[in-house]
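The structure appears below as structure tokens.
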Amino acid sequence: MRRAGSVAVAALTVSLLGGCGGAAIQLVALDDMERARGGPAVAEGAKLAPEPYARAEQERRIALEEHAAGDDVGAVLHAQRAVAAYGHALAVVRLARATTELADAQKSLDDASTAVQGIEGSRAQLEREAAELDERVRLSRERLLPASSAPATGEHEAARLVAARALAIEGRLLCGAARLVSADAAGLVDADGALGKLEGRLAASPRPAPIDEAARVRARCLEVLTRARRASGDDGGASDALLTELSASGGWDPGRDERGVVVTLHDAFRGAELARDATSKLKDLGRVAAAHPGFALQVVVHDALPTRPKDDDDTRRAGAAVQALVAGGATAGRIKPELAGTHAPLVDPGDARQRTRNERLDVVFVASGK
């Protein structure tokens, strides 16, 4: 009944329009059918929606046959049915695509969830391992710190005071080297504060001597330097190479300590002025510094005898040494002078014949990784 009604309506429409108008409607219907069939997504219907696509193809074939037979009404009817069937096939294709994309998205979500679970498990494991390492480091630090000193009297106590002052100046030089590596090195402010308090106590020649405190402060400054150097990326290789280079060049007799590569100049001063030979050597070292920009310089003036109050000779000596290094090519902003006084002797200060060796100038190449 439906088809008969549709045929009647189409026939009535064609008869009303008549002639060329009917042909135009028929051609439009066939064009719509061909456009619907030629859509890029519809072509996938043969694979993803074979049944709707087959029905559309069947209706198209009938429409073309009836058009060839001169049945315009039948051709229009079947062309419209073909368009609807192609639309159905297109809808099925889109649904299939959406289903596939949903499945892919769900798989990606499942994979991501699995990965997150794995990461969470790895993080928990790493946190446990980090906690264990922190505990091991804490125990190692405790073992590295010197044991508490037993009480002492007389000459032994005086010797402890000398040793405490030596440890304090070593701490000062280590913290100074850390500052050359990184001005905002982690822990540097606190270490400097502890060092300042220790130096204030030592200025009063306390009894008993704070030798244990001095040892702890020195260890603290060394730790700051070690961390700063590690953070800068320095692994010691540059210092080893520089030490080898200076040793091979002759005339320097360089050494290594915790700060870096040390070149020591004896008989470097005539009063507060640099000796001519020392000036020449410092300029040479300035050229070495210019050729190795990854190093900063620490310039340390040592005395054989205590200086008089308000004596600025050591300050002038350090300034002259810095000027000579800069004249050779070193960068002034990467040089830090330090005054060690008599607190880091090489030989017994009480030996009048040998103590002149304690007066010296150290140029320390501190690897900064910059």
Any chance GLY251 is farther than 18 Å from GLY171 by Cβ and without any contact (Cβ under 8 Å) to a residue 40 or more places away in the chain: yes
Residue pairs meeting the criteria (Cβ under 6 Å; at least 6 apart or on separate chains; first farther than 14 Å from GLN298 by Cβ and touching a residue at least 40 places away in the same chain (Cβ under 8 Å), in region 324-335; second of a type in the set (S, T, N, Q) and crowded, with 17+ Cβ neighbours inside 10 Å): ALA324/THR279
Out of all the residues in region 43-57, is one or more over 27 Å from THR100 (Cβ atoms) and either modelled with pLDDT of 80 or more or buried (at least 20 other Cβ atoms within 10 Å of the Cβ) (or both)? no
Every pair of residues 6+ apart whose Cβ atoms lie under 6 Å, when the first sits in region 61-77 and is on the phi > 0 side of the Ramachandran plot while the second is open to solvent by 40 Å² or more (accessible area, probe 1.4 Å) and outside any helix (DSSP H, G or I): none
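How many residues does region 327-358 hold that are assigned to a loop (DSSP other than H, G, I, E, B) and surrounded by fewer than 19 Cβ atoms within 10 Å (Cβ to Cβ)? Even if it seems obvious, please write down each step before you answer.
Here is the first cut: in region 327-358, the residues assigned to a loop (DSSP other than H, G, I, E, B) are 329-331, 342-354.
From the residues that got through so far, the ones that are surrounded by fewer than 19 Cβ atoms within 10 Å (Cβ to Cβ) too are 329, 331, 346-354.
Final tally of qualifying residues: 11.
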Out of (1) modelled with pLDDT under 95; (2) assigned to a helix (DSSP H, G or I); (3) of a type outside the set (Asp, Glu), the one LYS310 does not meet is (2)
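Criterion first (in contact with a strand residue (DSSP E or B) (Cβ under 6 Å, 6 or more places away or on another chain) and open to solvent by 20 Å² or more (accessible area, probe 1.4 Å)) does ARG308 satisfy it?
Numbers: in contact with a strand residue (DSSP E or B) (Cβ under 6 Å, 6 or more places away or on another chain): no; open to solvent by 20 Å² or more (accessible area, probe 1.4 Å): yes.
It is false that ARG308 is in contact with a strand residue (DSSP E or B) (Cβ under 6 Å, 6 or more places away or on another chain) and open to solvent by 20 Å² or more (accessible area, probe 1.4 Å).
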Taking the criterion of being in contact with a Leu (Cβ under 8 Å, 6 or more places away or on another chain) and farther than 19 Å from ASP257 by Cβ, would at least one residue in region 285-296 satisfy it? yes
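The values are calculated or read from the model by the stated rules, or taken from the named source; none is laboratory data. Note that the structure is predicted; figures quoted are calculated from it, not measured. Note: ideal-geometry Cβ built from the backbone for every residue, glycine included; neighbour counts use all protein chains shown. Heavy atoms of the whole protein, side chains included, go into the accessibility calculation; ligands, DNA and RNA do not. Shrake-Rupley method; radii C 1.70, N 1.55, O 1.52, S 1.80 Å.
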